[in-house]
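One structure below.
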Amino acid sequence: MRGLLLFLVAISLLDAKEIFRSTTITQYLNETNPFVYPLLNQEYVAKERVNYHQSAFDTTLNAKYDHKEYPASTGEYYDIAVKKPIENGMEFIATYRKAEGTQEYNNIKTSDEGEVLVGVKLPVNALLQGTNTKKMNLDLALLESTKTKYNSNNNLRLLYLKVLNNYHRVLYNKLLVKYEKELLQKAQKRKSFIEQKIDSGLFPKIALIEAEQQLINRKQRYLAIVAEYENSFENFVKYLNISKEKFLQKYDFVDVLQTPLKSMLLSDAISEAKQNRPDLKMLEYEKEKLLLEKKNANLLQYPEVNVALYGVHDFKYENGFKLSFDLAFPIERNRYKAQIGTIGKSLTNIEKIQEQKEREIETSLTNIINSLNLLKQNIDNAQTELTLVTQLENAENKKYLLGSSNLFVLNQREIQTLEIKKKVLQYKLNYLLLKEELNAQVGKFATLNPTL
């Protein structure tokens with residue numbers, strides 16, 4: 001007997017379903033989810049752009065061959081070079097070359113064995129300023145990659161809020177189904193009671209017609225809310241990227257709308273939002289990008305000076321060197337003035353957008369917290385009202401059983417109780433939706449990891 005009992009307990013444990021809670025949602029917001037991947041794609045593309053701009057510092061192998069046979073001259077030229085640029089703007093070069101005959105452009109003469117050159121190019125101003133175009137492009141790509149990561153987090157924050165809202169609406173409709181079912185069961189039970197009284201000759205047959213009319217009405221109410229529950233269920237599970245059937249095989253919902261007791265001070269909410277909100281951090285990275293561009297634009301106000309130094313070893317003529325200077329000076333500097341002016345205006349615009357965003361967040365948080373405080377009072381008052389109308393319904397039901405009331409009045413009492421139950425539930429739903437909105441506003445969903 002004991003063995004059979006243990007077996008039955010084991011079977012029941014195997015059949016037990018997991019309770020689906022709001023925290024379970026994150027398990028389904030991964031890269032395989034079609035609602036998630038598009039939000040992350042921009043981040044993946046930005047990472048590839050970083051790789052692209054890093055390729056500007058790749059080692060390259062360059063080869064050149066010239067062969068000419070003119071009426072008055074002939075010549076051949078071979079050149080194989082390895083070049084390695086680095087982030088500070090310098091470029092190292094190692095070259096083997098060989099020239100035969102009369103060279104057309106470069107006047108190079110080598111022995112039959114050719115010569116080897118090892119040298120370096122130095123962009124003087126870029127080295128002094130600590131920036132150059134290639135480095136700026138890479139740094140901008142790195143900043144853009146970080147910015148798009150925050151953009152992905154921001155989009156996930158909004159998606160998570162949407163899924164949470166759908167989750168709470170499912171629980172809300174599930175409880176409405178329960179309430180309407182209880183109302184229907186009261187009508188069914190009362191119909192059986194009336195039928196017994198009619199059979200005993202205590203009630204007239206007309207009482208059954210009224211009971212059946214109430215029963216039909218309550219069936220209609222019940223079917224309507226069941227349909228609404230099913231629709232909200234479908235809307236919810238679509239974001240999880242699973243079917244309703246698979247969800248029901250694995251999970252059960254909680255049978256309550258639990259409103260959190262802990263409240264948040266407005267000052268704490270504003271401080272947390274400014275620290276966590278990914279959209280605010282995106283603006284900070286926009287400013288950093290503009291400051292990088294400004295640093296690079298400052299090079300335009302100075303002469304462009306490039307110095308190159310090569311050591312040469314000819315396999316016949318021994319060693320030598322080559323030193324060259326390249327200078328370009330912008331006299332009017334219109335390009336510099338235009339870029340600095342554009343960047344300055346853009347920085348001011350970003351700062352104003354940041355101020356505007358922070359002001360909007362403060363206003364939104366103020367409104368949400370005020371509404372939450374009001375809803376908390378409404379929930380307390382509505383629950384007190386529910387206690388009163390429940391007592392009135394119970395009293396009316398006793399009167400009806402004793403024959404001192406009628407079905408119409410009892411029906412009104414039951415409907416009124418149901419409406420107050422629904423009002424309490426609606427207040428709780430509104431409270432939860434606002435609470436989730438508050439969490440989203442302060443950036444609590446910004447660290448959601450989509451790769452779980």
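Here are some notes:
- Net charge dipole size for region 73-215 [Lys, Arg +1 and Asp, Glu -1 on Cβ; Debye, nearest 20]: 1620
- Computed in the context of the full set of protein chains, the accessible area of region 373-452 at 1.4 Å probe radius has 53% of its extent on carbon or sulfur.
- Cα shape, region 341-452, gyration tensor, a/c 1.5 rule: prolate
- Local electrostatic count, Glu195, Cβ distance below 13 Å [Lys/Arg +1, Asp/Glu -1]: +2
- For region 196-307, the solvent-accessible area works out to 59 Å² per residue, with a probe of 1.4 Å and every protein chain left in place.
- Using heavy atoms of the protein chains and a probe of 1.4 Å, the accessible area assigned to Lys189 is about 150 Å².
- Exceeding the 20 Å Cα-Cα cut-off - candidates Lys281/Lys444; Lys197/Lys421; Lys84/Lys134; Lys17/Lys174; Lys219/Lys421; Lys147/Lys238: Lys197/Lys421; Lys147/Lys238
- The largest-to-smallest principal axis extents of the Cα set in region 83-230 are 132, 35, 20 Å.
- Remark: the chain carries a charge dipole of roughly 2200 debye about the Cα centre, counting +1 on each Lys and Arg Cβ and -1 on each Asp and Glu Cβ.
- Of all aspartates and glutamates in the structure, those lying under 15 Å Cα to Cα from Lys121, and not within fewer than 8 positions of it along the same chain, are Glu87, Glu91, Glu304, Asp326.
- Percent accessible area from carbon and sulfur atoms, region 125-274, protein chains only, probe 1.4 Å: 52
- Placing dummy labels 7 Å off each Cα toward the beta-carbon, the span from Val256 to Arg359 is 4.5 nm.
- Sorted largest first by accessible area at a 1.4 angstrom probe radius, with every protein chain in place, the residues Lys246, Lys322 fall in the order Lys246, Lys322.
- The candidate values were (i) 27.3; (ii) 25.2; (iii) 30.3; the one computed from these coordinates for Kirkwood radius over Cα pairs in Å carries the label (iii).
- Sorted largest first, extent of region 367-421 alpha carbons per principal axis (Å): 52, 15, 9
- For region 58-143, projected area of the alpha-carbon convex hull averaged over all directions, nm²: 7.3
- Helices in the chain, meaning DSSP H runs of at least 4 residues, each add -39500 (n - 2.57). Divided by all residues, the mean residue ellipticity at 222 nm is -22500 deg cm²/dmol.
- Per residue value of the accessible surface for region 367-429 (all protein chains in place, 1.4 Å probe), Å²: 55
The values are calculated or read from the model by the stated rules, or taken from the named source; none is laboratory data. Not measured: the values here are computed from a predicted model. When we count neighbours, we look across all protein chains shown, and the Cβ atoms used for this are built from the backbone with ideal geometry, even at glycine. Keep in mind that these areas ignore ligands, DNA and RNA; they rest on the heavy atoms of the full protein, side chains included. Shrake-Rupley method; radii C 1.70, N 1.55, O 1.52, S 1.80 Å.
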